[in-house]
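The values are calculated or read from the model by the stated rules, or taken from the named source; none is laboratory data. Here the structure is a predicted model, which is why all the values come from computation and not from measurement. Cβ sites come from the backbone with ideal geometry, for glycine too, and all protein chains shown count toward neighbours.
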Amino acid sequence: MIARRVILCAAGVLLAACTPDTADPAAAASEPSAVRAYFEQTFSGLWGLDASCPEEGMFRLSPERLELYERSCEVLNLTRDGDRIAARTRCQAEGQLMADNTHMLTPVSEDTLSVSDGHYEWIRHACGAAHAPTQGGSLND
């Protein structure tokens, strides 16, 4: 019985030693900046209904704000899931505050993205001359 307790205690100590230190501030700080950098490289910039980028339906995306067709959203939090970004947002439409929501941004190709709010999905294309140097970056990043 005592031998069993000693073995269990030793196993617990070994497990505790192998558990990563989640209180490491350097690791915690690098993750949000990596997500932000990925957002800036892949999604930041101007996106239009088609490559000619008419003003109607234009999206302006940054890590701080999503300016979508008929709504303006403050980005509260960004998380990355593979090549997609989940942007937790607080939006206004026609002057009315909307309930907090999550917008999913997904690259479709190097110059096309999808934005979904759980109800609607919009497809937008990178804008020619207004195209930011890093907008629509490689899907392999």
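Taking each residue of the range 87-106 that is surrounded by fewer than 14 Cβ atoms within 10 Å (Cβ to Cβ) and looking for partners that are acidic (Asp, Glu) with beta-carbon atoms closer than 8 Å, six or more apart or interchain, yields Ala93/Glu70; Glu94/Glu70.
Being free of Cβ contacts under 8 Å to residues at least 12 places away in the same chain, closer than 24 Å to Ser52 by Cα and either in a strand (DSSP E or B) or under 16 Å from the mean Cα position of the chain (by Cα) (or both) is a condition met by at least one residue of the range 119-127. The set of residues in the range 93-117 that are farther than 16 Å from Phe59 by Cα, hydroxyl-bearing (Ser, Thr, Tyr) and in contact with a strand residue (DSSP E or B) (Cβ under 8 Å, 6 or more places away or on another chain) contains only Thr102. The strands (runs of 3 or more DSSP E) falling completely within the range 1-111 that include 1 or more residues that are of a type in the set (D, E, K, R) and modelled with pLDDT under 95 map to 71-81.
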